[in-house]
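Structure first, then comments.
The values are calculated or read from the model by the stated rules, or taken from the named source; none is laboratory data. Note that the structure is a prediction, hence the values are computed from the model and not measured. Positions of Cβ are generated from backbone atoms using ideal geometry, with glycine treated the same way; all protein chains shown enter the neighbour counts.
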Amino acid sequence: MASKKKRGKIIINRELCKGCHVCITACPQKVIFPSKKLNLKGYYPAECREPEADEDRRCTGCTLCAVVCPDVAIEVYRE
Ligand code: SF4
Ligand code: SF4
């Protein structure tokens, strides 16, 4: 029987982000990456990208990224 996996979603405020990338290291699902575009402060902010080809690489809503973010730039939502 298929088990329903926990799903989550994050929203990163790219203008609050200072590009420290601590959240990238903290995410156990490895779905956060540096953006290729600078924000207005001149940093490369973090952004969430779930690889389409890998169903297991999805945000679970664990909140670790938001907890470690020093600038409170990440909001986490759970299904
Ligand atoms: S931890 Fe926060 S400030 Fe640092 S890159 Fe991630 S979102 Fe940006
Ligand atoms: S809530 Fe957890 S799984 Fe989702 S992006 Fe943040 S650290 Fe990764």
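Whether any residue in the range 48-64 is at positive phi, in contact (Cβ under 8 Å) with a residue 12 or more places away in the chain and touching a strand residue (DSSP E or B) at 6+ places or on another chain (Cβ under 8 Å) is what I want to check.
yes
Is there any pair with a first residue in the range 18-32 that is touching a residue at least 40 places away in the same chain (Cβ under 8 Å) and in a loop (DSSP other than H, G, I, E, B) and a second that is of a type in the set (Lys, Arg) and surrounded by fewer than 17 Cβ atoms within 10 Å (Cβ to Cβ) whose Cβ atoms are under 9 Å apart and which are 6 or more apart or on different chains, and what are they?
Between residues of the range 18-32 that are touching a residue at least 40 places away in the same chain (Cβ under 8 Å) and in a loop (DSSP other than H, G, I, E, B) and residues that are of a type in the set (Lys, Arg) and surrounded by fewer than 17 Cβ atoms within 10 Å (Cβ to Cβ), the close pairs are Lys18/Lys41.
Residues in the range 1-17 that are at pLDDT 95 or above and either within 10 Å of ligand 2 (Cβ to nearest atom) or assigned to a loop (DSSP other than H, G, I, E, B) (or both): how many?
Summing the residues that are at pLDDT 95 or above and either within 10 Å of ligand 2 (Cβ to nearest atom) or assigned to a loop (DSSP other than H, G, I, E, B) (or both) in the range 1-17 gives 9.
Provide a single number: the residues in the range 23-49 that are within 11 Å of ligand 2 (Cβ to nearest atom) and loosely packed, with under 14 Cβ neighbours inside 10 Å.
So the answer is 4.
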